Every structure is written in C-alpha cells, then in structure tokens.
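> Sharing a structure, written as structure tokens. Questions coming.
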Amino acid sequence: FRDDAASSSLDRLARPLPTPSSLSHNRSLSKDFGICKSAWGRLSWPTRSILLLVGGVLLVFATYEFGMDEGVREQERDNDAKQSVDSSWKSWRVFSDGGGGGDGHGKKNDTAKASNNGEDATVEQKWEKPPKEPESEKEEGAFHRIFTKEHLLNTRARAQELISVLNVYYGGEEKARAMLVNSWQAQWQLDEDYLFLDGNENDDDDEIANDDGGDNEERRLNKRDENKKRKKEEKENKNKNKSDDDDDDGDKNKNKENKNKKKKGPKEGNVIDDPENMSREELDQHHHYRRQRSTKLVTTMARALLNPHQDRFIIGTIGSSVAAGHDNCHYDSYESQLERTLGPVFSAASMFAIVQNAGEGGGCGDTHQNQVFCITHNVSPDVDIIHYSWTYFEKETPEVQREQLVRWAQNMERRPMVHHLVARGKKNTCDGDTQANVDLDKAYAMYGYNAFCIQTGLYFGGHDYDKEMEEGINRFGWKHQGDGYHNTTRYGEELPDGDPRKSSLGTVYRNWHPGPLGFQVASDAFAYVYTTGLLMALDIIEEDMNADVDLLDRWFDTDRRLDSAEEKENGKDARKLRTFSSSPSEPSTHRQLPVSLPPLGNMPEPLFCDPLYCSIPHPPSCINYEKPTFGIPGITVQSADGWKIFNDKFKWNKMVGKVDIAWIKELHDKEWEIKCAHLDACGGIHASDSTQGKLTFELPSSKMTAGLVFVCGCCGKNIAESMFLQNQNVTFKLNDRVLDKSKMDVYPNNKCVRLLKHFGENGYEKEDTMLLSLEMADQDPDMAYELKP
C-alpha cells in the first residue's frame, strides 16, 4: 500500500456530516439551475444550435490543449531520464559490472545489473545495454541487427563524449593525443590529414607520392620543420635549466647522483623510423603506411557496426601474467577497464563490447612461442581485434611469433588487427629502436599491426620523470602511487580519502606487473584510438547513407575498387549500385544473407617466420585444457577412456594484492570475490598407466596443409624431455602406427614436443582421417603415484 492511497481512504472514512450552512448552499444551487433551465427553454432553435456548436468547439480545443500539455510533460520526463543516462559516464566507469554486456569473462548478461558490492552499493548503473536477442532467432541463425541513422547519431554522441572525457582527464586534446595516440610504436593517421584508402585491403596505391595531395604534403613538411625547431628549443632550455640547477646546488646534486645510481628508469632509444630525418620520398612512404594502418582500423569499426549478424565487438587477449592482471584484482586489469570504458559506445549501436582475457600465469610454463598456435581456442574465432602481451618472455626472436599471429589472424573470420601491449617501453619510442619491430610495422601496416608501451605513453605526456629520478622519485618503481598526472584511477577518485582501495588503485607498478593506474593508461590508449577510428567510420557511413549507397556491398560483398579510374571516366558513381535501407522496417535483400569479407589477396612474403607454418590458408587448430578459453577446440577427442581432465584449484585471492584481499575480506561479499578472482588456471588431461586406456584425438585433416603436430605437457617450463621424449611409458601413434621418438624434437618451447614436422617427412603423408593416440605402458601397481613417470 502507498501512503497517499491510505491517507485518501482515511479521509473518506472520516469525512464530516453536512452542516446547516452546507444545506443552504445546496438549495441556492438548485434555484440557480431552475432559472437557467427556464431561460434555455425561451431561446429559439437556431440560437440553441449556435450555442451548442460554440460549446462543442471549446470542448474540443480544451481537450487538445490538455493533451498537448501532458505530451510536453511526458517528453520532458523522457529528456530528464536521458540526461541522467548521458551525464553518468563517471558513475558508469566507476561502478559498472562490465562494460559491453559481459560479466568480465566474455559472457553476456541478460540484463544490465547495478553493482551492489561494497563501496558502490548505493550507486545505480545508469547506462542501458542493448536488448537481448530472442533465443529462438539465435538458435535458428536468424538474428539481425540493422544499423540505422538513429544508431549512427547515438553512437557518435557516445563516442564524442568518451573522447571529450579523456581529453579533459589528460589535460587537453593535444596532451591526450600525445600520450594515447602519438606514443604508439608506429604512427597512426587519425587527424584532419587522413584519407580513406577506398578499395581492396591490399591496396598498394601506386601513386604514393600524390595520395594525399600536394597541399597536405607541403603542410606536413612545414609541420615537421616546426616540430624539429620546437624540440630543439625545448632541449636547449631544458639543458640550460639543468646547468643552472647544477651551479646552484652542485654538491647537493652530486650526493643525490651517488645515492640514486642504482635507480634506473626507462632508457632512450635510437628511433629508426623518424619522420624528422626523412627525405621527401621516405616521408611519402611513411604517410602511406600511416594511411594503410588507419584504414584497417576504420574498416574494422565500420564492418563491426554494419554487420547485421554481429551484435558483439570482441577484443581477445593472449599473454602472460601481465595480461592476466596478476597482483591486482581481475576487475582492475586493463582488459576489464577497457570493456567498461567502451561499453556505452557500442551499447548505443545495440552491441556489446567484450574484452576476453586469456592471459596465463608463468607457472604453467607457457610462453608466446606455444600460445600463439592456440589463438582460435584461447579467444573467440570471431574476434575483431587481437591483443598480444608477453613482456618479460620475449627474449629470443619474438618477431617470429608476432608475425605468425598477424598472418594467421588474417585468415580468421573477421581478419582482426593485432595490437601488442608492452608493460614497459623507452622514453622516446615504444620499442621503435629495434629494426625487426620497424620491419613488421611496415610489412603489416595494411593489417593494422601496432604496439603500445605504457611507460612511453606516460613520457609523451611531458612529465619530467628524469628530474624526479634525480631527486630520488621513481614512479616506475615497485608499489609507487601516482604517475605524475593522477594519484588514482578515474573510478578510484570516487572513493573517500583515506580509503585503502583508493590509494591502491593509484599504483603504477605493483612490481614487474603494472598496477591499476598503469593499466588505465593502456586501456585509455586502446579506447582512444578505437573510438577515434569508429568516429571516422561513422563519417563515411553517414556520407554513404545520405548518398543511398548499399552499405553491405561497400564493406562486405565486393573485391573491386569502388571508385576506380575506369568508372570515373565513364561518369559512373561506383558506390551508387544498390541502396541499403537505413530503416529496419524496410526490407533488404541482404538481411537474410550471411555477409563475407572481400578476398584477402596476396599477403607479403614472411620476414621472420617459417613460410611452411605461417603462409597457410587457415590458422592452426588447437585443443587447450588450461583456463580460460573463449574459443572452440579445433581438435576433437574421439575417445578418452579413463583419462581425466584436471585444472588447478585455488581460492579467489590467488595472485591478488594484499590491500585488495584485505578490503574485500572486510566486505564479506561473495560477488566482489568473484569479480576480483583471476580466470587463469593450469590444466591438462592425464593418466598414469595402461588401465586407464587410450587417449585418441582426431586431427582436422581437411584444414591441415603443413602437417605440423606438437603436444605440450603440464605443468612447468622444462618438462618436454622428461615427460615425453625420455618417458618410455608413453607411446604416440598416428592411425595406429607408432611414431619414432628419435625423429621428434622440443618445439616450440621447452614444455612441448614436435611429433610431426611436415607432410612428406619419413613417409608421413596426409590422410582423410588422422587419429593421434597416446597410450600408457603397464606399471608396477605398488609404485607410489608421485613416482610414476
């Protein structure tokens, strides 16, 4: 019962009886009514008709005005509701459950739920997730999402709002772009100079020197000269100020210098591909690479928005404990932050933003060398972007695995870009001082390959970390709070001063692992670049909508150049071929058809990886028993008999920092324990003797072109020899033929053994059915389990 309803009932029950004065009022009204009735009877019929007509018009007018007034009030209420949603970026970033319709584990929630844990118990989640598609449609494969003009306008508004928030947060657009865009390993072209490479993804654009126009090129050259002059002056002023300080405090600085000899910060690298030192021809080529790289970004965003069978924008991450977010809450990993940041932008397009975190701790023995082979099982095979982060592991030829991943990715469903996150970085370059990195950037610019370094991004903001180092302040040291720009994350700013969680969120590096504030810089860099690319895609889409261009034909169904020279000569607009309705109520011939991408074309010859393995028409197939995995096993188990699948069991606080463990324990909140717990766990499938039968895998013969087969053991870094090659109790067979261990070798790292190198070796040929089996020998039943090989 509502209070006002109860009060109304009581009022009626307690209403007083009529008094004498009220009775006299009733008699007066009755007399007045009689007089009016008599006067009405004396009027002629035409007069009465006119009066009735006037009364009717007045009644209709009054009803209309009342309806309009109520409509205005309703609209104002709706606007107020929308305004409360639009103004809630800060609250959403702080307290939302997981950005793009996910629960942080890559799974979609049915409805948006307000976080109800600890410090955010009273905060409502004020953004709307897209509606859940009907299960019946999903099961029948009939889900369709039409990107309308309304979607375009709403998505643009959200994207612009996010960019504005980040610009303000980092001290202005110029500084934000310097830190989050210009600090990447290879330069983007996300400014007014950008021109879309409107054609095949392998567009070589023969007229490179003139692709941007003479005026743009001249402006770039002038800008380059101005930047060189400005940097020279800044360096001179900095050296002068340093010299003055040395003169004033010579002895003091010497003592500090001796004290801080052991404190080492990021080094400065010799930038190989520096536009300021390029010739005109080199600069032309440099800007062409920028255009290719940015065109892939714009194309990726456009296709995600326009694909009628896609309602999820997925970023899939593979990597080490840095990617996993160890020594932090999983909630504070860069992937979780990125998902929450991008969520409202894609929600406006009726989509979910999902960032899958398949990072794995070092205890399992994995490295980049074996994990890249499992890309389609570790992350969804339909990812839009792949993130790769193996800082501290890439000591030997890391360019091989990066190149493998970029090339295999282009044979996945959506041809995802590959972006590399580096936990450290140089002062002046994100590892652009290594020739192999520069070579990869150029060779795979058309596929969007690039890298971001956390420390480089921070340096590009202009904070004088070197001076602080001299004063004994190392912001990149273990457990230091504050990065020189902020003392905690954006969502940490909502917490009260003195809250241990607030200061913990301000940690730049826990140890070798970044902390929440360090991860925020990475998350913001990805979000800024992706959102800028999305805005550029929206501009192209809007232009096409206004020109009645068939959007699906433009982005999916053709491999021809849309504005070819031949069509221009014939006076035809190649884009005006068919129209695609921007209204979901109007039918389109494409709505019932699956969309496909234009032909990939010829990829460049590999620079570092073995062409036998990395120039193949399909990405490798894999089955991975470690957790988490978000994709589909490419290898099936035909029979397992008594073999058992296992995964490490651990509590929610494993690899979580002490401060976070303490405040979550105080909450006594199971939901926060789930949000804080990491996803990764070692795992495998095991048997100890012949009584547990045979394990048989069916290899995907139809997709195998090279013939490489290898297995990895669990759990450790140097176990391949002892577990497989030297273990006489293990036998490998292919189609019941015993494989010779003397022909095997350790590959691609020390936890794995290569059983078969390629088709055609030692009589090994491709067959229609290929069954790989593992058998265990009989062992002494009295032997202790831990002693059995």
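The values are calculated or read from the model by the stated rules, or taken from the named source; none is laboratory data. Nothing here was measured: the structure is a model prediction, and the numbers come from that model. Glycine also receives a Cβ, built like all others from the backbone with ideal geometry; neighbour counts cover every protein chain displayed. What goes into the accessible areas is simple: the full protein's heavy atoms, side chains included, and nothing from ligands, DNA or RNA. Shrake-Rupley method; radii C 1.70, N 1.55, O 1.52, S 1.80 Å.
> Apply the a/c threshold of 1.5 to the C-alpha gyration tensor of segment 701-758 and tell me whether it is rounded, prolate or oblate.
Oblate, since a/c reaches 1.5 and b/c is not below a/b.
> Let me know the charge dipole size of segment 287-388 about its Cα centre in debye, to the nearest 20, where only the beta-carbon of Lys, Arg (+1) and Asp, Glu (-1) is charged.
640
> How do PHE147, PHE650 stack up against each other in accessible area, from largest to smallest, with a 1.4 angstrom probe?
PHE650, PHE147
> Now a separate question. Leaving out ligands, DNA and RNA, and with a 1.4 Å probe, what % of the accessible surface on segment 293-404 is carbon or sulfur?
Result for segment 293-404: 47 percent of the exposed heavy-atom area is carbon or sulfur.
> How would you order 478-486, 418-426 from highest to lowest mean count of nearby Cβ atoms within 10 Å?
For the peptides 478-486, 418-426, the packing ranking is 418-426, 478-486.
> Accessible area per residue of segment 361-439 at 1.4 Å probe, in Å²?
Per-residue value: 24 Å².
> Give me the 1.4 Å probe accessible area per residue for segment 292-353, excluding ligands and nucleic acids, in Å².
With all protein chains present, segment 292-353 gives 8 Å² per residue.
> Moving on. So, taking all protein chains as they sit and a 1.4 Å probe, how much accessible area belongs to SER690, in Å² rounded to tens?
40
> Rounded to the nearest 10 Å², what accessible area does ASP274 have for a 1.4 Å probe in the complete protein model?
About 40 Å², rounded to the nearest 10.
> Then there's this: Please label the shape of segment 268-349 as rounded, prolate or oblate, based on the square roots a ≥ b ≥ c of the eigenvalues of the alpha-carbon gyration tensor (a/c under 1.5 means rounded; beyond that, a/b larger than b/c means prolate, else oblate).
Cα axes put segment 268-349 in the oblate bin.
> Just by accessible area at a 1.4 angstrom probe, what is the order of ARG48, ARG290, ARG42 from largest to smallest?
Order by accessible area, largest first: ARG42, ARG48, ARG290.
> Right, another one. Note the full-extension length gain between LYS717 and LYS627 as 0.36 nm times their separation in residues minus their Cα-Cα distance, in nm to one decimal.
30.7 nm
> Counting only protein chains, not ligands or nucleic acids, how are VAL746, VAL406 ordered by accessible area (probe 1.4 Å), most first?
Per-residue accessible area, sorted high to low, gives VAL746, VAL406.
> Spin-label point model (7 Å from Cα, Cβ direction): what's the ARG737 to HIS758 distance in nm?
It is 1.9 nm.
> What length, rounded to one decimal in nm, is gained on full extension from GLU281 through to SER164, with 0.36 nm per residue of separation minus their alpha-carbon distance?
38.5 nm
> Rounded if a/c is under 1.5, else prolate if a/b beats b/c, else oblate: with a ≥ b ≥ c from the C-alpha gyration tensor eigenvalues square-rooted, which is segment 252-402?
oblate
> Compute the label zone of TYR485 within segment 517-541: residues whose backbone N is under 16 Å from the point 7 Å along Cα-to-Cβ.
So the set is 517-532.
> Then there is this: Given the protein chains as shown and a 1.4 Å probe, how many square angstrom of HIS618 are accessible, to the nearest 10?
70
> Quote the FRET efficiency, to the nearest 0.05, computed for ASP439 versus HIS144 with a Förster distance R0 of 41 Å and r equal to the Cβ-Cβ distance.
Given R0 = 41 Å and the Cβ-Cβ separation, E is 0.45.
> Once you put a point 7 Å from the Cα of LEU725 and another 7 Å from the Cα of SER639, both along the Cβ direction, what distance in nm separates them?
A separation of 3.1 nm, rounded to one decimal place.
> For the pair SER596/ASP539, report the inter-label distance in nm, with labels modelled 7 Å from Cα in the Cβ direction.
Spacing of the two 7 Å Cα→Cβ label points: 3.3 nm.
> Now, a different point. If I stretch the segment between VAL746 and GLU413 completely, what's the gain in nm (0.36 nm per residue apart, minus their alpha carbon distance), one decimal?
116.8 nm
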